[in-house]
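First the structure, in the form of structure tokens, and then the observations on it.
The values are calculated or read from the model by the stated rules, or taken from the named source; none is laboratory data. Since the structure is predicted, the reported quantities are computational estimates derived from the model, not experimental observations. We place every Cβ from the backbone using ideal geometry, glycine too, and count neighbours over all the protein chains shown. Just so you know, the surface numbers come from the protein's heavy atoms only, side chains and all, with ligands and any DNA or RNA stripped out. Shrake-Rupley method; radii C 1.70, N 1.55, O 1.52, S 1.80 Å.
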Amino acid sequence: MNAPILIVGGGIAGLATALAAAPTPVLLLTRAREGSDVASTLAQGGIAAPVGDGDTAQAHAHDTCVAGSQHNNPAAVERLTGDAVAAVEWLQHQGVAFDRDPGGALQLGREGGHDRARIVHAGGDATGAKVMQALVTAARRAPHIHRCAGLDVTGLLLRDGHACGVHALDAYGHAERIHGCAVVLATGGIGGLFARTSNPADADGNGLALALAAGAALRDLEFVQFHPTALAVPGLHSLPLVTEALRGAGARLLDAEGRPLMDGVHPLADLAPRDVVARQVWQACREGGAWLDARGIGTTFPARFPTVFAACMQHDIDPRLQPIPVTPAAHFHMGGIAVDTDGRSSLPGLYAVGEAACNGVHGANRLASNSLLEGVVFGRRLGTLLGALPGTGARHGGCTLVRRGPSLDAIRIAGLRETMMQAMGPVRSGKALQAALRQYQAADGWQGELARTLLAAALRRTQSLGAHFLAD
Ligand SMILES: Cc1cc2nc3c(=O)[nH]c(=O)nc-3n(C[C@H](O)[C@H](O)[C@H](O)COP(=O)(O)OP(=O)(O)OC[C@H]3O[C@@H](n4cnc5c(N)ncnc54)[C@H](O)[C@@H]3O)c2cc1C
């Protein structure tokens, strides 16, 4: 019997890869139940694609590279935007019902950085949940996909310098070795390494730690996007997002004295680019706090922004009557496991896709709504490539196990998250980065080693670029 393709991660990227590999057998390994506690399910805005009249892949590519400060890999951008329309069609074929206007045309939203409306969405602000529902259902129906939930992959098996399997622990701590013809890391982002994040805590960069332990190359690690307005709830690590669309609808950012925060900072004021707003909110938080005053939206708030309304009310904040406390939060990692545009890492047999991977498509900063698209476009491409590989039987002997290493305890993880937030947050300085690096120079635990690698990458880039902003 042929060995299966092993895919670690059941978000949009892992599922797109698995579905496209048919009929080659796939074993899909996930920590959580499929669709639960993954960043893909939380996505609100939608998916960018040049589907509107007069829109083109070239225009979408142009906006992607402007957002990425021209640090993007042009070949990856061409593939992303060139395959975007086909990706939306494929999602519809998998059962995603995108929102349509009364005439039947796809409804298109516009977000910061796009020169026109080009964002398709489903269920209003529930795009991620709707897409994941359809893909999980499609994967359950696909006879070539076998699923194994509740497994934490903690190591990679190597034979003659090739990845040939994984080491995983189940919920009871039982270890097992699983062999495959290829290993795909689709483990998501790194927001969980920061004190405040919009990601699930599970998105902790452990896929990068696995690749690092096995000697695979990582790239662009210094580029972390911060969302300017997460709901500032004391004591919470994973924070609900307060969507940018509220500012589009007239909400204004205020400082602790109630003064407008963005006046005079940027010609677009509250609608300035995400990183500009994140830096202002970061500074205001250090000086007493930042609030988003959305009272002007009034009684229509619950109907227009049901997700934000529910999150606020859950924390006893009525956004119709009082300003919403906000804070920047780690949102998206542009860097990751270095791959080519087919998803191949520098280690033969090891592939990566989605937010865990970096083929350079986002450059130094991601354009809004390009990451779900990335998962589908590059996932489908990688799945097709792996599905066409000649089958090999599973060989169980002669493997070496490389583990990502022990985890830090809860207290030290909390300390590390705070250090990362201060040193690698929206505003950085060489001094703070050096101090943090010294602190983690000899740190044990895989999170310590990964933090060290991220900090060293940030220190190597001595000039501001995109999301990497140096105050000194
Ligand atoms: C609140 C929020 C809103 C967003 N809105 C948008 C948007 O509107 N449009 C857009 O394009 N992007 C958006 N993004 C970004 C986008 O959602 C993510 O970049 C994308 O979903 C990442 O998909 P993924 O498949 O790479 O990873 P994920 O969806 O995070 O999936 C990772 C998977 O890996 C598994 N995993 C991790 N480690 C292990 C391990 N060791 N063993 C086993 N399994 C493991 C997890 O359990 C999970 O199944 C948003 C992100 C957030 C957090």
- Please go through the range 298-326 and pick out each residue that is in a helix (DSSP H, G or I) and buried (at least 19 other Cβ atoms within 10 Å of the Cβ). F301, V308, F309, A311, C312
- Message: touching a strand residue (DSSP E or B) at 6+ places or on another chain (Cβ under 6 Å) and either touching a residue at least 40 places away in the same chain (Cβ under 8 Å) or not assigned by TED's automatic domain parsing to the domain that holds A76 (or both): which single residue out of L367, L373, L408 fits that description?
- Response: L373
- Message: With the requirement that a residue be open to solvent by 10 Å² or more (accessible area, probe 1.4 Å) and either in contact with a Ser or Thr (Cβ under 8 Å, 6 or more places away or on another chain) or among the small types (G, A, S) (or both), what does the range 75-92 give you?
- Response: A75, R79, G82, A86
- Task: Return yes or no: is D63 out of contact with any helix residue (DSSP H, G or I) (no Cβ under 8 Å at 6 or more places or on another chain), over 16 Å from G360 (Cβ atoms) and within 16 Å of the ligand (Cβ to nearest atom)?
- Result: yes
- Task: Determine, yes or no, whether D160 is farther than 16 Å from A214 by Cα, at pLDDT below 95 and either open to solvent by 20 Å² or more (accessible area, probe 1.4 Å) or not polar (S, T, N, Q) (or both).
- Result: no
- List every residue pair whose Cβ atoms sit under 9 Å apart, with the two residues 6 or more apart in sequence or on different chains, where the first one lies in the range 41-62 and is among the acidic types (D, E) and the second, anywhere, is within 16 Å of the ligand (Cβ to nearest atom) and assigned to a loop (DSSP other than H, G, I, E, B). D55/A49; D55/A117; D55/R118
- In the range 202-240, residues that are within 16 Å of L350 (Cα to Cα) and part of a loop (DSSP other than H, G, I, E, B) total 4
- Note on the structure: By residue number, the members of the range 144-201 that are among the polar types (S, T, N, Q) and in a strand (DSSP E or B) are T154, T197
- Tally time: how many residues in the range 219-228 are closer than 9 Å to T197 by Cα and either more than 9 Å from the ligand (Cβ to nearest atom) or of a type in the set (G, A, S) (or both)? 1
- Of all residues in the range 29-69 being of a type in the set (A, V, I, L, M) and closer than 30 Å to H167 by Cβ, which is most open to solvent (accessible area, probe 1.4 Å)? L42
- Message: Tell me whether the range 94-102 contains one or more residues that are among the aliphatic types (A, V, I, L, M), within 14 Å of the ligand (Cβ to nearest atom) and surrounded by fewer than 21 Cβ atoms within 10 Å (Cβ to Cβ).
- Response: no
- Taking the range 447-472 only, how many residues are basic (K, R) and not in a loop (DSSP other than H, G, I, E, B)? 2
- Message: Checking the conditions here, which among D37, D83, D63, D101 is acidic (D, E) and more than 29 Å from R219 (Cβ to Cβ)?
- Response: D101
- Note on the structure: When (1) in contact with a strand residue (DSSP E or B) (Cβ under 7 Å, 6 or more places away or on another chain); (2) under 26 Å from Q422 (Cβ atoms); (3) open to solvent by less than 50 Å² (accessible area, probe 1.4 Å) are applied to R219, the one that fails is (3)
- Task: Restrict the check to the range 126-138 and report whether at least one residue is in contact (Cβ under 8 Å) with a residue 12 or more places away in the chain, away from the ligand (no atom under 11 Å from the Cβ) and more than 21 Å from the chain's Cα centre (by Cα).
- Result: yes
- Item | Matching entry among L210, L246, L236, L231 (being open to solvent by less than 10 Å² (accessible area, probe 1.4 Å), within 16 Å of the ligand (Cβ to nearest atom), more than 20 Å from G45 (Cα to Cα) and among the hydrophobic types (A, V, I, L, M, F, W, C)) | L210
